[in-house]
1. Given the conditions (1) surrounded by fewer than 22 Cβ atoms within 10 Å (Cβ to Cβ); (2) at pLDDT below 95; (3) out of contact with any helix residue (DSSP H, G or I) (no Cβ under 8 Å at 6 or more places or on another chain), and given that Gly211 satisfies all but one, which numbered condition is not satisfied?
2. Please verify whether Val210 is at negative phi and touching a Pro at 6+ places or on another chain (Cβ under 7 Å), treating the condition exactly as stated.
3. Scan the stretch 173-196 for residues that are β-branched (Val, Ile, Thr) and closer than 13 Å to Arg116 by Cα and report the count.
4. Every residue in the stretch 26-46 that is touching a residue at least 12 places away in the same chain (Cβ under 8 Å) and surrounded by fewer than 13 Cβ atoms within 10 Å (Cβ to Cβ), please.
5. Working only within the stretch 86-106, note down all residues that are under 24 Å from Asp149 (Cα atoms) and touching a strand residue (DSSP E or B) at 6+ places or on another chain (Cβ under 7 Å).
6. Test of understanding: among Leu179, Leu167, which residue is crowded, with 16+ Cβ neighbours inside 10 Å, under 29 Å from Pro61 (Cβ atoms) and among the aliphatic types (A, V, I, L, M)?
7. I'm told Ala247 meets every condition in (1) in the same structural domain as Thr147 (by TED's automatic domain parsing); (2) of a type outside the set (Phe, Trp, Tyr); (3) closer than 30 Å to Ser21 by Cα except one. Can you identify the failing condition by its number?
8. With the structure loaded, tell me whether Ile216 is in contact (Cβ under 8 Å) with a residue 12 or more places away in the chain, in contact with a helix residue (DSSP H, G or I) (Cβ under 6 Å, 6 or more places away or on another chain) and either under 18 Å from Gly103 (Cβ atoms) or among the small types (Gly, Ala, Ser) (or both) or whether it fails that test.
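The values are calculated or read from the model by the stated rules, or taken from the named source; none is laboratory data. Computed from a prediction, not measured in an experiment: that's the story for all the values here. Neighbour counts are summed over all protein chains in view; Cβ atoms, including those assigned to glycine, are modelled from backbone coordinates with ideal geometry.
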Amino acid sequence: MVLPTLELEHMDCIYQSLSQSFADLDSQLQIFSASSDFDVQVQLMDQLDAKTIGGAIIPPPPLNQYAPAMNNLAKRGIPVVQLAYHLKGATTDAVAVDGTEIGRLGFDHLLEKGHRRIGMVNMQTDYSTFSNLEMGADMALRSYGMTFDQVPQAFVSPTDLHTQSDLGNNGQKAANYLLAKYPDLTAIVGINRYATLGIYRAVTERGLQVGKDISILSLAGDLQYFQATTPTISAIVAPLELITQRAAVRLQQIMDRDAYEEPQIITLAPKLIERQSVYTRPQLAPSF
C-alpha cells in the first residue's frame, strides 16, 4: 500500500482496516508512506518491483494528472486497486465512495432544514468523485428550483493536505471570504473534513454561533474533533473500513486470476452523521 502520509486521522483508519483485512486473507502487507507529498507518493509507486510486490492498493492523489502513474503500475504487471476515490483516465480497479450521493445527501439535508442561502468551500480538483459530488448537489438543489451554479463558492487546493500543521488554514480563509461577501448565508458546507475545520474557526472567530446563526456541514469526511466542538459538527462520511475491506478482497481476486479482466469500479454509499451544527429554518422561497 502506498499512502500520501500516515499522519492524517483517516489514513490511520485505512491502515488499521487494511492490516486486519490482509491478516484475514493470509497475505503480507507492506506500507509505503510519502512525506505528505503527492509527487513523492508517485515516486514510491514507480519504485515498486513486480518481482516482490503481488499487487498494490493506493488512495490516489486528488488530481487526474496522476492517472498515468496508476496505469504504469498495471503495465509493469502490478495489479492496482484505487482506494476511496478514482481518477479519470486510470484504467485500474477502484473501490470508491459514491460522490454523487455525497453531494445529494449533504445538500438535501440542508434544504430540508429550510436553508436556501448555502455557501461552499470547494476544492480545485478534477477528481471524478468531486465532479460527481457537484452533480449530486445540483440534483438536490433543482428539486427546490435552484442549481449548483448559483451556490457561492470559495476554493482550497488539494495540496493543502501536504502540511498537517496548515490543515484548516486555507479553509478558514475561504470561509472568511464567503462570510464577508455573502453575509446573508445561513449555511456553509466544506468539501472535506479540513475545509470544514477552517469554516468552524472562521465562524466562531467572528462571534457567530454554529447551529444558531449559521449551519455547518462537512462533506466527504469526519474528524474526532467534530464530536468535541460546541455544538458538534454534522458530516457526510464514507464507509472507509468497508471500502478498505472490499479493496483488499478485490485485489486478492485480481491476483488469484491469470486471465485479464476489465477493471471494475465499485462504489459504496456514504451516510449522514447528524449532530448539532445544522439548525432548522422556516421554509423560504429561493433567494439566489
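1. Answer for Gly211: the failing condition is (2).
2. Numbers: at negative phi: yes; touching a Pro at 6+ places or on another chain (Cβ under 7 Å): yes.
Against the criterion (at negative phi and touching a Pro at 6+ places or on another chain (Cβ under 7 Å)), Val210 qualifies.
3. In the first step, residues of the stretch 173-196 are kept if they are β-branched (Val, Ile, Thr); the result is 186, 188-189, 191, 196.
Checking the rest, the ones that are also closer than 13 Å to Arg116 by Cα come to 186, 188-189.
Final tally of qualifying residues: 3.
4. Gln30, Ile31, Ser35, Asp46 - these are the residues of the stretch 26-46 that are touching a residue at least 12 places away in the same chain (Cβ under 8 Å) and surrounded by fewer than 13 Cβ atoms within 10 Å (Cβ to Cβ).
5. Selection gives Val97, Asp98, Ile102, Leu105, Gly106.
6. Numbers: Leu179 fails: under 29 Å from Pro61 (Cβ atoms).
Going through Leu179, Leu167 in turn, just one is crowded, with 16+ Cβ neighbours inside 10 Å, under 29 Å from Pro61 (Cβ atoms) and among the aliphatic types (A, V, I, L, M): Leu167.
7. (1)
8. On the way: in contact (Cβ under 8 Å) with a residue 12 or more places away in the chain: yes; in contact with a helix residue (DSSP H, G or I) (Cβ under 6 Å, 6 or more places away or on another chain): yes; either under 18 Å from Gly103 (Cβ atoms) or among the small types (Gly, Ala, Ser) (or both): yes.
In short, yes.
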